[in-house]
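Report on one structure; see the data block that follows.
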Amino acid sequence: MDDVAIRAMALLRTLVPFVFFMASVYLALHIIVARLLPPTRASATLWFFSTVTGPLTRPVRTLLPAGTSEPRVRAVSLALYVGLWIASRLALGPLAPAGG
């Protein structure tokens, strides 16, 4: 393989699992913050996590029955993204160059 292909493969092996990992971290933090802050109080922190995790929970919400509670959607989303993170690590791991 030429140098560009090796670099592109290394970027792919690093970037895809990292994106799933960061999605999992933000969802976990959103779950923690949502439990710690009172639900009646408007919070900039809760708004931030709702804005960041909105694109992550939207596809999962379409798969769940209508009327599913928001904490349940976040928990299912977290489980999905942790699973995708682990699966991407396992699937892309063998693409490492031989010998290092």
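The values are calculated or read from the model by the stated rules, or taken from the named source; none is laboratory data. In this text, all values refer to a predicted model and were calculated from it rather than measured experimentally. Reconstructed Cβ throughout: ideal geometry from the backbone, glycine too, with neighbour counts over all protein chains shown.
At a glance:
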read-out	value
Residues being within 17 Å of Val25 (Cα to Cα) and either at pLDDT below 95 or buried (at least 18 other Cβ atoms within 10 Å of the Cβ) (or both) - total across the range 59-72	2
Residue count for the range 73-100, restricted to those that are surrounded by fewer than 12 Cβ atoms within 10 Å (Cβ to Cβ) and modelled with pLDDT of 90 or more	1
Cross-chain or 6+ apart pairs with Cβ under 6 Å, the range 1-22 first and closer than 16 Å to Ala91 by Cα and assigned to a helix (DSSP H, G or I), then modelled with pLDDT of 90 or more and not basic (Lys, Arg)	Val16/Ser88; Pro17/Trp85; Pro17/Ser88; Phe20/Tyr81; Phe20/Leu84; Phe20/Trp85; Phe20/Ser88; Phe21/Trp85
Every residue from the range 58-89 that is of a type in the set (A, V, I, L, M) and either over 13 Å from Phe18 (Cα atoms) or touching a helix residue (DSSP H, G or I) at 6+ places or on another chain (Cβ under 7 Å) (or both)	Val60, Leu63, Leu64, Ala66, Val73, Ala75, Val76, Leu78, Ala79, Leu80, Val82, Leu84
Residues (of a type in the set (Phe, Trp, Tyr) and surrounded by 15 or more Cβ atoms within 10 Å (Cβ to Cβ)) located in the range 19-58	Phe20, Phe21, Tyr26, Phe49
